[in-house]
Amino acid sequence: MGLRDEKKQATRTAIADAALTLFLEKGFERVTVAEVARAANVSVNTVFNYFPTKEDLFFDRQDEVTQRLAAAVRGRADGETPVAAVHRAFAERLDRDDPTLGLRPGSALFWRVVDDSPALLARARLLRERTEEALADALADPLAAALLAAADHALHAEIRRRITLGESPESVRTAVRAAAARAFTVLAAVA
């Protein structure tokens, strides 16, 4: 990555971090893009250059999230089934404490902000649909994609539920790892 690209990434990160801080403090609906721009020390136009919509500011890793299952399938080892590849990728994300799993401190607040915003709930549904579409393209099998995406969504929903209830990240990680093993074993048997 060149210096220019590093600078762009730093600006993008600063904007996203400022936005998330404001959203967590005030709620999504009560924060304006102008407030985010001021907090990030950039212009409103700069914010929109990096994030076309306010929802994009909140879900700043949405491209990574919507492509993760398809990437696991496309990058699978010779002889590895799509189910095994998605399971392995999920387990690897658990092992490295991937921030998109929501196991970090503050995740419960993040999800409360989502639950309080119709716009963010709608975007979350759209992201699930995009994830499934990308996986269907990678598999060329919409039914298999729907099953794998449903299992992945159920695992993320379980993380969210447990974290919101106040369980420790390590406890959640252990429980979800076991749930993933069960889910992907069932899928392997029917796929």
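The values are calculated or read from the model by the stated rules, or taken from the named source; none is laboratory data. Just so we're clear, the structure is a prediction, and the values are computed from it rather than from any experiment. Note: ideal-geometry Cβ built from the backbone for every residue, glycine included; neighbour counts use all protein chains shown. Just the protein is used for accessible areas: all its heavy atoms, side chains included, with ligands, DNA and RNA removed. Shrake-Rupley method; radii C 1.70, N 1.55, O 1.52, S 1.80 Å.
Checking each residue in the range 92-104 for being open to solvent by 50 Å² or more (accessible area, probe 1.4 Å) and free of Cβ contacts under 8 Å to residues at least 24 places away in the same chain picks out Glu92, Asp95, Arg96. For the range 146-171, a tally of residues being open to solvent by less than 50 Å² (accessible area, probe 1.4 Å), without any contact (Cβ under 8 Å) to a residue 24 or more places away in the chain and touching an Asp or Glu at 6+ places or on another chain (Cβ under 9 Å) returns 1.
Take Glu80 and decide whether it is modelled with pLDDT of 95 or more, part of a helix (DSSP H, G or I) and of a type outside the set (Gly, Ala, Ser). Judged against the criteria, Glu80 is not a match. Please go through the range 45-67 and give me each residue that is more than 23 Å from the chain's Cα centre (by Cα) and open to solvent by 60 Å² or more (accessible area, probe 1.4 Å), ordered by number. Selection gives Asn45 alone. Assessment of the range 19-31 against the conditions (farther than 24 Å from Pro118 by Cβ and either open to solvent by less than 50 Å² (accessible area, probe 1.4 Å) or outside any loop (DSSP other than H, G, I, E, B) (or both)) yields no matching residue. Scoring Ala108 on the criteria (1) more than 20 Å from the chain's Cα centre (by Cα); (2) aliphatic (A, V, I, L, M); (3) modelled with pLDDT under 95 leaves a single failure, condition (1).
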